[in-house]
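In what follows, a structure is listed as structure tokens, so that the remarks can point back to it.
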Amino acid sequence: MKEALSTREVRVGTSVVIGSGHPIVVQTMCNTHTADVQATVAQCRRLAAAGSQLIRITVPSMADVAHLQEIHMQLRSEGIQTPLVADIHFSSEIAMAVVPVVEKIRINPGNFHPDHEKARALFGEFLELCKKYDRAIRIGLNHGSLGKYIVEKYGNTPEAMALAAMEWVDMCIDAHFYNVVVSLKASNTVVMVNAYRELARRMQERGVVFPLHVGVTEAGNGDSGRIKSCVAISTLLSEGIGNTIRVSLTEDPANELPVAQYLAHRFSDAPSAVLSEREETILKAACDWGAPLLNHEIDDVPIADEYLKDELLQACRRRFYKPEYIACPGCGRTLYNLEETFNKVKEATAGFKDVVIAVMGCIVNGPGEMADADYGYVGEGFGKVTLYRKKEPVLRHIPEDEAVEKLVELIRQDRQD
Ligand code: SF4
């Protein structure tokens with residue numbers, strides 16, 4: 001294991017310190033509707049008790065800023081000090097509005113405005129506001145949601161992801177704002193690992209290294225989701241890259257915490273996780289064999305458990321024995337039962353090979369985030385679904401109870417053509 005990358009220290013609220021040799025911080029995100037204040041407070045209570053050191057909450061509209069404030073106040077009045085992170089997509093207006101409310105804000109500045117120069121100007125204003133309130137931020141870029149200007153210039157590659165992030169990193173340094181964490185998530189483990197390596201290298205070259213939030217986005221659920229997350233995150237942590245982690249699962253967010261805690265404990269001085277024997281076997285195998293497989297140091301895994309071997313090889317993209325699934329974890333934007341639907345899609349499509357199928361919780365971010373998917377099942381809300389072939393919506397407004405069948409038909413039809 002390499003020594004941890006030397007990074008800046010980022011303070012979030014009064015209780016959490018990220019980077020600079022501190023134990024790896026574990027976090028997760030609520031999947032309740034932010035407007036449902038009581039449900040969100042109850043979930044935060046549960047997640048804080050389960051050891052989440054930061055809790056992220058989506059803020060899809062200006063009206064939700066008041067809901068976030070209410071959630072924050074209620075938690076503090078109960079003595080729960082876990083810092084909250086506002087998750088903002090697209091709107092600089094909402095990003096600015098939450099700065100006085102919560103300890104940390106996650107943004108993708110490239111989405112602040114379609115005009116890149118305007119996005120830069122808005123990000124500059126946002127940084128000044130964060131300075132005033134002494135907030136922390138995460139610059140969160142995902143594979144699949146890179147700005148158009150970056151994709152046109154550099155393609156949709158790990159290098160492009162790192163370059164895109166460096167533009168905002170440079171702006172923070174120039175503005176003398178250092179309470180910054182950066183993430184470059186992807187659902188493809190190879191892309192994800194290489195993007196973080198490249199970003200770490202570029203920040204070292206720049207002479208200012210911000211802590212990294214590492215995670216595999218849209219990892220799915222069950223054993224596959226856990227293994228996919230662990231092979232990639234452990235590879236980076238073993239290289240000293242990563243200061244805070246989120247294991248995204250399409251399940252109850254509390255289920256993410258033992259997995260994240262296992263990783264944090266294995267690679268730093270963080271508290272250990274309580275795991276079942278089976279879960280420990282799976283996570284240990286993913287951490288033991290992930291890096292050698294991803295780095296092409298080995299071509300096979302010397303274990304007797306054929307199922308686990310298949311899962312490890314697929315998670316590292318060395319051999320595909322079943323469809324590759326991408327599923328977002330869901331959040332306050334999700335308007336249907338994502339976990340149940342994802343399981344139905346997996347069951348109905350298990351027989352297809354060499355295909356990437358995405359199941360996404362919302363029409364706002366889902367299509368952009370599906371990155372390499374061949375087919376996408378995207379919830380529109382109000383019982384309707386849009387099916388995608390690559391990035392193209394091919395069947396819109398399908399009633400939810402017909403959508404899985406239509407997806408199977410679509411794949412079958414394409415295979416006959
Ligand atoms: S794609 Fe999923 S996790 Fe992302 S914003 Fe939409 S519902 Fe939330």
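Each value in this text was obtained by applying a stated rule to the coordinates, not by laboratory testing. The shown structure was predicted, so the numbers you read here are calculated from the model rather than taken from an experiment. Cβ placement follows ideal geometry from the backbone for every residue including glycine, while neighbour counts extend to all protein chains displayed.
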- Query: To the nearest 0.05, how large is the calculated FRET efficiency for ALA63 and LYS406 if R₀ is 60 Å and r is the Cβ-Cβ distance?
  - Reply: 0.95
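FRET efficiency for SER77 and PHE382, Cβ-Cβ distance as r, R0 = 30 Å, nearest 0.05? If you can, show how the numbers build up before the last one.
Working: r = 35 Å, r/R0 = 1.17.
Efficiency, from the Cβ-Cβ distance: 0.30.
So if each residue of separation counts as 0.36 nm, and I subtract the Cα-Cα distance between ASP310 and ARG278, what length gain in nm does that give?
On the way: separation 32, 0.36 × 32 = 11.52 nm, distance 1.64 nm.
Difference between extended and current length: 9.9 nm.
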- Please return the longest stretch of the chain lacking exposed loop sites, where chymotrypsin sites (Phe, Trp or Tyr not before Pro) count only if DSSP places them in a loop and at most 12 other Cβ atoms lie within 10 Å. 1-320
- Message: List residues of segment 146-163, by number, whose backbone nitrogen lies under 16 Å from a label position 7 Å along Cα→C-beta of ILE173.
- Response: 162-163
- Message: As a test, work out the antiparallel percent of DSSP beta bridges whose residues both lie in the chain, rounded to the nearest 5.
- Response: 30
- Tell me the label-point distance for the pair GLU340, GLU159, using the 7 Å Cα-to-Cβ offset, in nm and rounded to one decimal. 4.7
- Message: Students often get this wrong, so check it: of LYS148/LYS391; LYS148/LYS406; LYS284/LYS353; LYS309/LYS391; LYS228/LYS284; LYS353/LYS391, which have C-alpha atoms separated by over 24 Å?
- Response: LYS148/LYS406; LYS284/LYS353; LYS309/LYS391
- Give the percent of DSSP beta bridges with both residues in segment 324-416 that are antiparallel, rounded to the nearest 5. 60
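Scan the chain and hand back the longest stretch that contains none of the trypsin sites (Lys or Arg not before Pro) lying in DSSP loops with at most 10 other Cβ atoms within 10 Å.
Working: sites that count: LYS2, LYS353.
Within the chain, the longest run free of exposed trypsin sites (Lys or Arg not before Pro) spans 3-352.
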- Once label points are set 7 Å from the Cα along Cα→Cβ at both ARG201 and HIS116, what is their separation, rounded to one decimal in nm? 2.2
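Using R₀ = 22 Å, calculate the FRET efficiency as 1/(1 + (r/R₀)^6) where r is the Cβ-Cβ separation of VAL151 and ARG389; round to 0.05.
Numbers: r = 20 Å, r/R0 = 0.89.
Using R0 = 22 Å, I get an efficiency of 0.65.
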